[in-house]
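S.K.: One structure follows; several queries about it will come next.
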Amino acid sequence: MNQINIEIKKKTFPLKTQNKQSENLIFKNLNFIIKKSQFVSIFGPSGCGKTTLLNIISGLDKDFDGSVQTVNSSTNPNKNISYMFQAPRLFPWLTAIENVKFPIKKKKNCEKIAFEFIKKIGLERYKNQYPNRLSGGMQRRIALARAFAPNPNILLLDEPFISIDKKIANSLRKLLIKLWKKNKPIIIFVTHDLDEAIELADRICFLSNLPSKILLDYEVNLNRPRNQNSKEFISLKRLLSSTTRLERK
Amino acid sequence: MNTILKNELFRRFISILFLILIWEIISRIIGDKIILPSPTDVAESIKYHASKDLFHHVYITLLRVFTAFFLAMIIGSVIGIVMGRKKKIDDYLDGWLILALNVPALVTIILCFIWFGLNEVAAVLAVTINKIPTVTVILREGTKAIDEKLIEVGKVYKMSKFDITKDILIPQLFPYFISAARSGLALIWKIVLVVELLGRSNGVGFKIYEFFSMFDVTSILAYTVVFVLIIMSIEWFLVEPCEKKLTEWRL
């Protein structure tokens, strides 16, 4: 997996306004390329189409004009995508470990791989519990493990740490980086939290209001691990928020 | 865990004992064997018939019940799931479903016997046709209620439609299968008895009709008690444990 070429000529959703059927233009000529091992954050206001973009890239939404193409290296011809949604979306009738095993259950050593991930997310004691007995933070850890289990080339995350306790969200972010560092898939991480975007991503794509365009495509050059209280971090945040505020007008 | 189980079994046992006691008292008050024989009369009758052909007829009836049950569950579920997933098919078949639900069992049975003859196939078919609509309705509701977001997880991992159905759709329908199975069993065995009465020469329904023509209420109750006990055992020792196992993940 060398890179993904995203070319969306046009994407609309039908919109019912009073008695008329009209169209809501989400994207028009949105193009960008993501290179190997990049951790990209898509940042934008509510309703600007971030989730729609992920749905298009993942193949869940095929109703658009354009294409998403992957340019493959000769060594790995498979396009292996994982998606971590806003809600954990675990299967309630499966235990924690069975959920992690789910995308890889056709592999011979899936039990072993799943257990390794359960250990990495610190839920060994709970591997045979059903999701509805586990806390929200634990469920998200399992969803994260399930997303990484098939060793994806591309990992999509849709505001996965939204509305959780700050401490737990921080530990989940560290966990994400830890899991990413192993095989460095391309990560596309949607958020509307600028701190989170700067902390995690190599590159931040700022989306405008509808129809969404890329306002700014910024390469973050801070060293990892990144500290939200460091001078560089704070000044970068100030720069980015003022730039994009201007651009949005 | 064992004390809970003991208490539960104890309570169930006591309540049945109590029922038998009331029955004994009322039958003594009435004092007429044709209207209400006592539990002791019925017990003796059970012993007598057991030594003759009781279990033969019970076995035949159970065979019909289970054949119709499995056929109705499979066919009804498939139709229900398809109607739940595809709106167009739902629109086409909904009218037929409502029609089928409202045709009386008796009419279906008689028509099957007339069209297909007074044979085993017609008998089981009549019961199956009767039960399919109720299974379909339950499974359709269940299918419409499934979480599409979980299906999307399967689509992301590029699972085939078959695998998504097997691994994501069907598990969400377990409670509906149990519900259809339970109401199905209860309904089916009653219709089987009517089918046997109308057009078969063996089985519990046939024997009950035979006893009715001789005003042998004791034997009717004997067969009834045995059959009901068997159905209750199926519910308590087969259906309920299955249900617990399939829905243990629910809080």
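The values are calculated or read from the model by the stated rules, or taken from the named source; none is laboratory data. Quick caveat: nothing in here was measured; it's all calculated off a predicted structure. When we count neighbours, we look across all protein chains shown, and the Cβ atoms used for this are built from the backbone with ideal geometry, even at glycine.
S.K.: For segment B:81-98, which residues satisfy the criterion of being surrounded by 13 or more Cβ atoms within 10 Å (Cβ to Cβ) and touching a Pro at 6+ places or on another chain (Cβ under 9 Å)?
M.R.: B:Leu97
S.K.: Hey, another quick one. Of the numbered conditions (1) surrounded by fewer than 19 Cβ atoms within 10 Å (Cβ to Cβ); (2) touching a Cys at 6+ places or on another chain (Cβ under 6 Å), B:Asn119 satisfies every one except a single condition; which is it?
M.R.: Tallying (1) surrounded by fewer than 19 Cβ atoms within 10 Å (Cβ to Cβ); (2) touching a Cys at 6+ places or on another chain (Cβ under 6 Å), B:Asn119 fails exactly one: (2).
S.K.: Still on this structure, I have one more. Can you tell me which residue is surrounded by the most Cβ atoms within 10 Å (Cβ to Cβ) among those in segment A:161-213 that are among the polar types (S, T, N, Q) and at pLDDT below 85?
M.R.: Top of the filtered list is A:Ser212.
S.K.: Please verify whether B:Leu238 is surrounded by fewer than 21 Cβ atoms within 10 Å (Cβ to Cβ), touching a Gly at 6+ places or on another chain (Cβ under 6 Å), closer than 23 Å to B:Val127 by Cβ and away from chain A (no Cβ under 14 Å), treating the condition exactly as stated. Steps first, answer last, please.
M.R.: Working: surrounded by fewer than 21 Cβ atoms within 10 Å (Cβ to Cβ): yes; touching a Gly at 6+ places or on another chain (Cβ under 6 Å): no; closer than 23 Å to B:Val127 by Cβ: yes; away from chain A (no Cβ under 14 Å): yes.
No, not satisfied.
Per-residue answers, yes or no, for (1) under 30 Å from B:Glu248 (Cβ atoms); (2) β-branched (Val, Ile, Thr):
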| position | (1), (2) |
| --- | --- |
| B:Ala100 | no, no |
| B:Val103 | no, yes |
| B:Ile114 | no, yes |
| B:Ala145 | yes, no |
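S.K.: How about segment A:13-114: which strands (runs of 3 or more DSSP E) wholly inside it have at least 1 residues that are closer than 30 Å to B:Gln172 by Cα and within 14 Å of chain B (Cβ to nearest Cβ)? Spell out how you get there, then give the answer.
M.R.: Values: elements: A:20-35, A:39-43, A:65-71, A:81-84.
Answer list for segment A:13-114: A:81-84.
S.K.: Separate question: Quick one: would you say B:Ile220 is modelled with pLDDT of 90 or more, in contact with a helix residue (DSSP H, G or I) (Cβ under 9 Å, 6 or more places away or on another chain), crowded, with 16+ Cβ neighbours inside 10 Å and more than 17 Å from B:His56 (Cβ to Cβ)?
M.R.: Numbers: modelled with pLDDT of 90 or more: yes; in contact with a helix residue (DSSP H, G or I) (Cβ under 9 Å, 6 or more places away or on another chain): yes; crowded, with 16+ Cβ neighbours inside 10 Å: yes; more than 17 Å from B:His56 (Cβ to Cβ): yes.
Here the answer is yes, as B:Ile220 does meet what is asked.
S.K.: In this structure, is B:Glu243 out of contact with any Cys (no Cβ under 7 Å at 6 or more places or on another chain), part of a loop (DSSP other than H, G, I, E, B) and within 14 Å of chain A (Cβ to nearest Cβ)? Lay out the reasoning, then the answer.
M.R.: Working: out of contact with any Cys (no Cβ under 7 Å at 6 or more places or on another chain): yes; part of a loop (DSSP other than H, G, I, E, B): no; within 14 Å of chain A (Cβ to nearest Cβ): yes.
Answer is no for this residue.
S.K.: Kindly indicate which of B:Leu106, B:Leu101 is in contact with a Pro (Cβ under 8 Å, 6 or more places away or on another chain), in a helix (DSSP H, G or I) and under 25 Å from B:Leu185 (Cβ atoms).
M.R.: On the way: B:Leu106 fails: in contact with a Pro (Cβ under 8 Å, 6 or more places away or on another chain).
The match here is B:Leu101.
S.K.: Among the listed residues B:Gly199, B:Gly203, identify the single one that is at negative phi and in contact (Cβ under 8 Å) with a residue 24 or more places away in the chain.
M.R.: The unique qualifying residue is B:Gly199.
S.K.: Quick one: A:Asp158 ticks every box in (1) in contact with a strand residue (DSSP E or B) (Cβ under 9 Å, 6 or more places away or on another chain); (2) among the charged types (D, E, K, R); (3) surrounded by fewer than 22 Cβ atoms within 10 Å (Cβ to Cβ); (4) modelled with pLDDT under 90 bar one, so which box is it?
M.R.: (4)
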